[in-house]
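> The structure follows.
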Amino acid sequence: MPLDKLPQVPYGAVYFRKSNPPREDWARDYGVAADDGMNVFRHWFMWSAIERKPGVYDWSDYDRQMELAEKNNIRTVIAELTHSAPEWAYRKFAHARQLRSDGSALPLGMGVSAATGGFAHNGAGPLTMNCPEVKDAVGAFLTALATRYKGHPALLGYDVWNEVNYAAEIDYSTWMKADYRKWLEAKYGDLETLSQAWYRYGHAEWDDVEPPAEVAAYPENLDWLEFKKENYYGQMQFKIDTIRAIDKDCMIAAHGVGGAIPNMAANGMDDWLAASKVELYGLTWVPGRRGFKPWQNFFGPDITRAAARGKKWWHAERPAGPLWLQPQVLGRDKEDGRVMDPEDLRTLMMTSFACGATGALNLRWRPLLDGPLFGAFGAYGMDGSRTPRSDMQSKIGKWANAAAQKPMWEARPVKGDIGLLVIPEAQAWDYLLNHNHKPETYREAMWGAYRGFLDNGLQPDWVHIDHLDEYDTIYAAYPIMLTSAHAKKLADWVAKGGRLISEATPGYFGDRGKVGIVQPNNGLDVVFGAREDEVEFMPDIGDRIGLTLDGRPLRGGGFLQSYTLTTGRERGHFDDGRLAVVENRHGEGRTLLVGTHPGIAYFKQSNADNLRYFAEMFAWTGKTQQVKTGNANIHARLHEGPQGKVLWLLNQSREAQSATVEVNGKPVSFGAAYWSEAGASASGAKATVPPRDVLVVRV
């Protein structure tokens, strides 16, 4: 079966991206990797580097990787890179280049992560697979690839569609437009129905229908976003099916970048959809590009765990070295992920494990010697020599795969204390309203709420609205748009006993983006026990919004929506006296409606009043916090398995931290430790965790 060949913890690196590392070092590097506890390598099998001429393949470098892997007992993940097109294909299929709305074609350039030709600034490549000739050429390459390596002793599986994304600006080719029209005809049935839905009344025939060139808040833009996602994920499925047609038992993996928030709509980064198609999902997460604050190290793994929905997942690309001269790092402190020292590597790796990752690959075994990413990310030196970082990587890998840790890995993360609601149409509509994320209300509201709960020692879980019924307590940080079906789903969930806290303007925009005359829209006024009095969409000055909750001050952000009561009761007011917070009972459930975005204020200001607000929101639910440490510098994650509970206590600060720990409201009783470095201790209910380290212990 696909996952049968997985080691206890698949652990290693991305090694070969033609033409790095140098051929003369390969045998030595493989031997060092095996000695250092690596059991998996992934390589980029680039269409542009292998099919040198039509039907003429150069497999020599890749055959050698497989030979060395077999010799050193290292499993190989073949990363298909069919979005890297050979120069001959770019010429031959010039009529099938992906186009921007102005008609300009994506150029064929160098790949920044490989210093190899054949790439475009688009995760879907320079050529459109909507053209049958291109699709056939991609299929022929994948067929040849799978045929060559099927049954190879070193093969672990395939990674499909690297980092699962596409550029927001594409594709306006004639092939894409033709398929879009077919999709619209299937959705609407006839041209008149489409014209009415789009408010475009001059369509005489289907060829008059064009995809929108402007990013704007109209129904046609929603259709374009929906079609693009279906289209490119359909191409992902084609690649999977092509490989499966040759090798029915191989593992199929994929990985994103933890980008569903805020880039699901614009760039197709739907981690839930991607994970549903494969046996093993994962993420690229690079603090050099994201930042190295505790919440940032938790966020990517947490959203990937949520999207995997119980499947195994891994930190598919994790850095262990510096990142030089890139725009994401400029102006930031050296310690903010720019230079990864051994303790940084340990912090990042153990955070992912605490979130439920079941494996990890460093995104470079050693750095590239060419291109703008020279020197980046590798645990080993530029010449492949060992470093203190590689020593730490080796130590963790050998520990992770030791037999003594098997019961620890059998334990899996418990369900979080509270769910954060992910509503795809709300993100899509915000993107269309505020394209280029100016202002960035969606991102700030969602990340602010996540941080607010995490900084209170809670475990917030990301919950897709399709999976709402799996949680009893939900926080909706930015529910600006809800389809009528999703509004009903939410109302029914509350009526059955759900506890819902919502920030401002829930479902303000309904089907096709139409504003509801009664707010909250689509019957949600009944759910919240209030109706809108006034609304203000002024996020650029949202930081001026002040309010109280039960008499205590709070800062708002984003939008302002005030209310009049129907069945609810008042809990707070804006500074000018308008009603701001309403509590209500609906059926068997309860709701709390807050007429602004405290999450945005907390994201921007990290203020004490809003931190207290998120603690109060959890207290309102009536639930017991699963793990309490009483120390904001120690983050806890509880796992549960056949042999009991395992507690991960993470200290991402640069000083030793102590805590008295409670689990489910009772003082914990610590058992044997799985990971406990010098300076760590666990006695009674008190634990001490060294700087940038973790204590993993049975409870």
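The values are calculated or read from the model by the stated rules, or taken from the named source; none is laboratory data. All values derive from a computational prediction rather than experimental measurement. When we count neighbours, we look across all protein chains shown, and the Cβ atoms used for this are built from the backbone with ideal geometry, even at glycine.
> Considering each residue of the stretch 551-566, count those that are in a strand (DSSP E or B) and either free of Cβ contacts under 8 Å to residues at least 12 places away in the same chain or surrounded by fewer than 21 Cβ atoms within 10 Å (Cβ to Cβ) (or both), and give that number. Outline the logic, then answer.
Going through the stretch 551-566, the residues in a strand (DSSP E or B) turn out to be 552-555, 560-565.
So of that shortlist, the ones also either free of Cβ contacts under 8 Å to residues at least 12 places away in the same chain or surrounded by fewer than 21 Cβ atoms within 10 Å (Cβ to Cβ) (or both) come out as 552-553, 564-565.
Residues in the stretch 551-566 being in a strand (DSSP E or B) and either free of Cβ contacts under 8 Å to residues at least 12 places away in the same chain or surrounded by fewer than 21 Cβ atoms within 10 Å (Cβ to Cβ) (or both): 4 in total.
> Restricting attention to the stretch 215-252, which residues are basic (Lys, Arg) and either more than 22 Å from ILE170 (Cβ to Cβ) or at pLDDT below 95 (or both)? Break it down stepwise before answering.
First, the residues of the stretch 215-252 that are basic (Lys, Arg): 228-229, 239, 244, 248.
Within the stretch 215-252, ARG244, LYS248 meet the criteria.
> Given the criterion among the hydroxyl-bearing types (Ser, Thr, Tyr), out of contact with any His (no Cβ under 9 Å at 6 or more places or on another chain) and without any contact (Cβ under 8 Å) to a residue 40 or more places away in the chain, identify the matching residue among SER48, SER60, SER101.
Working: SER48 fails: without any contact (Cβ under 8 Å) to a residue 40 or more places away in the chain; SER101 fails: without any contact (Cβ under 8 Å) to a residue 40 or more places away in the chain.
So the residue among SER48, SER60, SER101 that is among the hydroxyl-bearing types (Ser, Thr, Tyr), out of contact with any His (no Cβ under 9 Å at 6 or more places or on another chain) and without any contact (Cβ under 8 Å) to a residue 40 or more places away in the chain is SER60.
> I'm trying to understand the selection: among the residues of the stretch 650-689, which are outside any strand (DSSP E or B) and among the basic types (Lys, Arg)? It would help to see each step written out before you state the result.
Kept after step one, since they are outside any strand (DSSP E or B), are these residues of the stretch 650-689: 652-656, 661, 664-665, 668-672, 676-680, 684-685.
Correct list: ARG654 only.
> For the stretch 378-388, check the following and say yes or no: at least one residue is assigned to a helix (DSSP H, G or I), over 24 Å from the mean Cα position of the chain (by Cα) and not hydrophobic (A, V, I, L, M, F, W, C). Outline the logic, then answer.
Residues of the stretch 378-388 assigned to a helix (DSSP H, G or I): 388.
This time we only want the ones that are over 24 Å from the mean Cα position of the chain (by Cα), so: 388.
Pick out the ones that are also not hydrophobic (A, V, I, L, M, F, W, C) and you get 388.
Yes.
> Ok, one more. Just need a number here: residues in the stretch 622-641 that are in contact with a Lys or Arg (Cβ under 7 Å, 6 or more places away or on another chain) and buried (at least 19 other Cβ atoms within 10 Å of the Cβ).
Going through the stretch 622-641 one residue at a time, the tally reaches 2.
> Quick check on the stretch 155-167. Is at least one of its residues modelled with pLDDT of 95 or more, in contact with a Ser or Thr (Cβ under 8 Å, 6 or more places away or on another chain), farther than 20 Å from GLN237 by Cα and surrounded by fewer than 17 Cβ atoms within 10 Å (Cβ to Cβ)?
Initial filter on the stretch 155-167 (modelled with pLDDT of 95 or more): 155-167.
Then keep just the ones that are in contact with a Ser or Thr (Cβ under 8 Å, 6 or more places away or on another chain); that gives 155-156, 163.
Next, from what is left, pick out any that are farther than 20 Å from GLN237 by Cα: 155.
With surrounded by fewer than 17 Cβ atoms within 10 Å (Cβ to Cβ) added as a condition, the list becomes none.
No.
> Right, another one. Strands (runs of 3 or more DSSP E) wholly in the stretch 104-208 with at least 1 residues that are hydroxyl-bearing (Ser, Thr, Tyr) and in contact with an Asp or Glu (Cβ under 8 Å, 6 or more places away or on another chain) - which ones?
Qualifying strands (runs of 3 or more DSSP E): 155-159.
> Right, TRP365: in a helix (DSSP H, G or I), out of contact with any Cys (no Cβ under 7 Å at 6 or more places or on another chain) and among the aromatic types (Phe, Trp, Tyr) or not? So that I can check it myself, show each step before the final result.
Working: in a helix (DSSP H, G or I): no; out of contact with any Cys (no Cβ under 7 Å at 6 or more places or on another chain): yes; among the aromatic types (Phe, Trp, Tyr): yes.
When the stated conditions are applied, TRP365 does not pass them.
> Let me ask something else about it. Have a look at GLU440, GLU444, GLU470 and point out the one that is under 22 Å from ASP302 (Cα atoms) and at pLDDT below 95.
Working: GLU444 fails: at pLDDT below 95; GLU470 fails: at pLDDT below 95.
Just one listed residue meets the conditions, GLU440.
> Okay, moving on. When you go through GLY599, GLY671, GLY684, GLY644 one by one, which is the residue that is at positive phi, out of contact with any Ser or Thr (no Cβ under 6 Å at 6 or more places or on another chain) and touching a residue at least 24 places away in the same chain (Cβ under 8 Å)?
Numbers: GLY599 fails: at positive phi; GLY671 fails: at positive phi; GLY684 fails: touching a residue at least 24 places away in the same chain (Cβ under 8 Å).
Criteria check complete, one pass: GLY644.
> Could you please let me know if GLU87 is within 26 Å of PRO126 (Cβ to Cβ) and touching a residue at least 12 places away in the same chain (Cβ under 8 Å)? Walk me through how you get there before you give the answer.
On the way: within 26 Å of PRO126 (Cβ to Cβ): yes; touching a residue at least 12 places away in the same chain (Cβ under 8 Å): yes.
It is true that GLU87 is within 26 Å of PRO126 (Cβ to Cβ) and touching a residue at least 12 places away in the same chain (Cβ under 8 Å).
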